[in-house]
Amino acid sequence: MSRSQETLSLKRKRPEPNALALTPENVLLNLIKSKGDMGIWKADMKRETNLSEPVVTKALKALQGRNLIKEVVNIQNKGRKHYMAAEFEPSKELTGGAWYTEGNLDKDFIDILKKSCSKIIGKFKVATAQGVYDFCKDNKIISVDITTQQILEILRSMVLDNEIVEVKSTGLGEFHKIPVGTVCYRTASGMGLGQGPKVGAMASIPCGACPRINQCTPDGIISPKTCKYYQKWLDFGI
Amino acid sequence: MASQYGIKLAVYLVSSYFGDLVAKVCECLLRRGTLPWRSIVQFTELNPTQVKNSLLVLIQHNCVQAFAMEQEGVFGEAPKVVTQYMALFDNIIHHMRFPKFLAIVSEELGKECEEILEGLLQHGRLSLNQILDRHKETSNQSGGNCTAQDALQKNFSRLLCVRYVERCPAHEPFIAPPNEEGAAVKKRGAKSAKVTEELQTIEQRALAAAAPMEALRFLFETYTETDDHELESEENLSNMEVGQKRKHVDSEAGTNKRKKEVLWRANFEQFVRRLRHKACIENARTRLDDGAAIVLSAILEASRSSETKVKVESSIPLSMNTIFEEVMKSEDGRIMTLEHVRTALAQLAAISIDETYSVDLKSIIELAQNEEVESIVLKRYGREAYRMFRLLSKAGHLLETDKISDTTFVEKKETAKILFKLWKDDYLHMEKIVASAGRQSQFLLWKVNKHSLWGHVLDEMYHAALNLRIRNAHEQEQEKEILQIPREKLVGDLEKRSKRLRKVRIVLESSLMRLDEAIMIFHDF
Ligand code: SF4
């Protein structure tokens, strides 16, 4: 930012000294407001307004002091100073959504929810997301406010973990209370699924997890004859 | 074409069963594809007799198929018929599955049948008389024992009846050159073109031409009419330019036929089908429950004789009555009610059309493949990568980094890191999208490219199988002095070493067997 530009804007200030004047504060406030719930990064403000760093810093401080704007965390880039007009709430893109508090993924909360869901499904054998949600609500299992959508997200991640299985109700047997075709979640009736991942044939031998398999050849420096992973595997302590 | 490590494993197997010379010839064919005898000699730099003998061994053990094809003459010479040799990769790999094949027969048909099969597996191809001779030798009986002979024939026809044994293919079928065939197809029109499309390569055509007619394949008959190709081709091996002579023989084919003993061999295809069934049933058991496994087993049992190829997509549609009847035949099935069977069919997601039920076997196999790869991802890259991989694998299309992060509950930065790692090792496919508007100018999209990844995983599994075998051989070699010491002298330290060696062997062999099941899921099923 050049000094001449700065003086130019200062000069302009004098002829129109009322509230609507284009003071750096007003220019910045308008800009920040125009970004709504997305807010704006300080460096972007500088670029868009052509104001110098000290001017921007000072103006932001003043605006914050008057409670017109607030600083928010942007999870895309936590190091960047991000500002938003006071009347807005940060968008999902900035906060990361319902699962983030102050820019951090709330892992503890997620874990608690997962455990509760797991217990509830274990109890019912089979349940829909709505069913789990209702049970949580009715029995006040979770103190904070959650939505059915959040429960659904938790259940889906548990499916990805292979802890529970997503199935469509057949209306038969254990599904008799659930309308045919409804998506529901259930614990495993077999031994494999829903009990965490099964260890496959490849994953249960050293080569299956070996970071050096590409360099390993029958008679090379890295070879099954001399391999230390095998050494460990076949050391039965006899 | 088999993968890099598939070939290495095949060559290693051939070398351990038939020696290095045979392995060299086999490797030449696996790497360079189908070749005439002359070229093999040239490439391997072995002497002609060695190559000839090696080829005979490979043919005897069903690892190579010969076929004759007319080739254009060079420098204006008349076209001549040249014998080509093709390696049968699958059959070579099947050699390490022999213990499994034997176990199936032993379980289903008993010891006597197992012994017959053992002979066939050991020798590759045998006539009934040879089987009989072998039986006499092993059972220490003097010749002429009629009852023993009858029993053997009976057992042999049992093996034939369930198709575990088949008539050997023609020794050297004649194939029309490819260009001629192509022209013929065009004339015949769209419908037959489609048929030929399935048999594109010369190799596939040769196999089809060599296969005995379906009606004859499992027919119990000890003598057959033959053109006596066998003798002829042996002559061919020493004198490859016999185009003239062959024409002569062919023209007289009608009169030249004579009685010849039929050769039999194990029918690998049927064993693979059995193993495929078993794998599906086991998958149903672990994924669903015993009931589903029993019902699936009954369905596969009932449709056993009507399946035509190994990789059928779904089971043959059966009526509820047929299924229920079959379920009742098994001990575990007897306690099941009709309602129970119905529930099991629903669990298996059986498609019902007109009161018949059919189970999608292909999707069961695909599930098993997914499980195997996912489990590798878990082991190599951890739980969060596992979750992401499963998400992408299920989605089947591109997903953006943020979306993945949200669904799997992993911090955005961490998500990107993990995805990059998976991408670097070829587990994921990535696409960059540069958006011109908005603050975030670049998006990364990810997906699982099953086709290429599955090939990569299979190759690594062949590699791992080779490593298990090499290590086992190495361990036995290291301790070979111990193997020679009589058991009673194994005391103290020696006893410890011998114990360890035994344990090593059990661990390595059982791991290989399990790994081989996974290989079959990716390659043969
Ligand atoms: S033998 Fe050892 S080094 Fe080679 S791939 Fe297997 S584990 Fe890795």
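The values are calculated or read from the model by the stated rules, or taken from the named source; none is laboratory data. Just so it is clear, the structure is predicted and the values come from calculations on it, not from any experiment. Glycine also receives a Cβ, built like all others from the backbone with ideal geometry; neighbour counts cover every protein chain displayed.
Quick check on my filter: what residues within the stretch A:85-98 are in contact (Cβ under 8 Å) with a residue 40 or more places away in the chain and either at the interface with another protein chain (Cβ under 9 Å from one of its Cβ atoms) or not in a loop (DSSP other than H, G, I, E, B) (or both)? Within the stretch A:85-98, A:Ala85, A:Glu93, A:Leu94 qualify. Of B:Ala279, B:Ala293, B:Ala284, B:Ala302, all but one fail to be touching a strand residue (DSSP E or B) at 6+ places or on another chain (Cβ under 8 Å) and either among the hydrophobic types (A, V, I, L, M, F, W, C) or at pLDDT 80 or above (or both); the exception is B:Ala302. Filtering the stretch B:338-349 to residues that are touching a residue at least 40 places away in the same chain (Cβ under 8 Å) and in contact with a strand residue (DSSP E or B) (Cβ under 7 Å, 6 or more places away or on another chain) leaves only B:Leu345.
Residues in the stretch A:102-148 that are charged (D, E, K, R) and under 30 Å from A:Glu71 (Cβ atoms): A:Glu102, A:Asp106, A:Lys107, A:Asp108, A:Asp111, A:Asp145.
Would you kindly identify the helices (runs of 4 or more DSSP H) lying entirely within the stretch B:1-108 that contain at least 1 residues that are without any contact (Cβ under 8 Å) to a residue 60 or more places away in the chain?
Values: elements: B:4-18, B:20-32, B:37-44, B:48-60, B:89-94.
Filter on the stretch B:1-108 gives B:4-18, B:20-32, B:37-44, B:48-60.
Can you name the residue in the stretch A:82-137 that is over 18 Å from the mean Cα position of the chain (by Cα) and among the polar types (S, T, N, Q) and is also surrounded by the most Cβ atoms within 10 Å (Cβ to Cβ) among such residues? Among them, the one singled out is A:Thr128. For the stretch A:221-235, the set of residues classified as part of a loop (DSSP other than H, G, I, E, B), more than 9 Å from chain B (Cβ to nearest Cβ) and either near the ligand (Cβ under 8 Å from one of its atoms) or buried (at least 16 other Cβ atoms within 10 Å of the Cβ) (or both) consists of A:Ile222 only. Does the stretch B:430-453 contain at least one residue that is facing chain A (nearest Cβ under 10 Å) and surrounded by 14 or more Cβ atoms within 10 Å (Cβ to Cβ)? No - not one qualifying residue is present in the stretch B:430-453. Checked against the criterion of being assigned to a helix (DSSP H, G or I) and more than 30 Å from the chain's Cα centre (by Cα), the stretch B:469-479 has at least one qualifying residue.
Scan the stretch B:503-518 and tell me whether some residue there is more than 9 Å from chain A (Cβ to nearest Cβ), without any contact (Cβ under 8 Å) to a residue 24 or more places away in the chain, touching a Ser or Thr at 6+ places or on another chain (Cβ under 6 Å) and surrounded by fewer than 16 Cβ atoms within 10 Å (Cβ to Cβ). Checking the stretch B:503-518: not a single residue is more than 9 Å from chain A (Cβ to nearest Cβ), without any contact (Cβ under 8 Å) to a residue 24 or more places away in the chain, touching a Ser or Thr at 6+ places or on another chain (Cβ under 6 Å) and surrounded by fewer than 16 Cβ atoms within 10 Å (Cβ to Cβ). Looking across the stretch B:12-39 at every residue that is among the hydroxyl-bearing types (Ser, Thr, Tyr) and away from chain A (no Cβ under 14 Å), the one that is nearest to B:Asn467 (Cα to Cα) is identified as B:Tyr17. The condition (being assigned to a helix (DSSP H, G or I) and either at pLDDT below 90 or in contact with a Ser or Thr (Cβ under 9 Å, 6 or more places away or on another chain) (or both)) is satisfied by just one residue among B:Gln141, B:Gln153: B:Gln153. When we screen B:Glu495, B:Glu477 for residues that are more than 9 Å from every other protein chain (Cβ to nearest Cβ), surrounded by fewer than 14 Cβ atoms within 10 Å (Cβ to Cβ) and free of Cβ contacts under 8 Å to residues at least 12 places away in the same chain, the only hit is B:Glu477.
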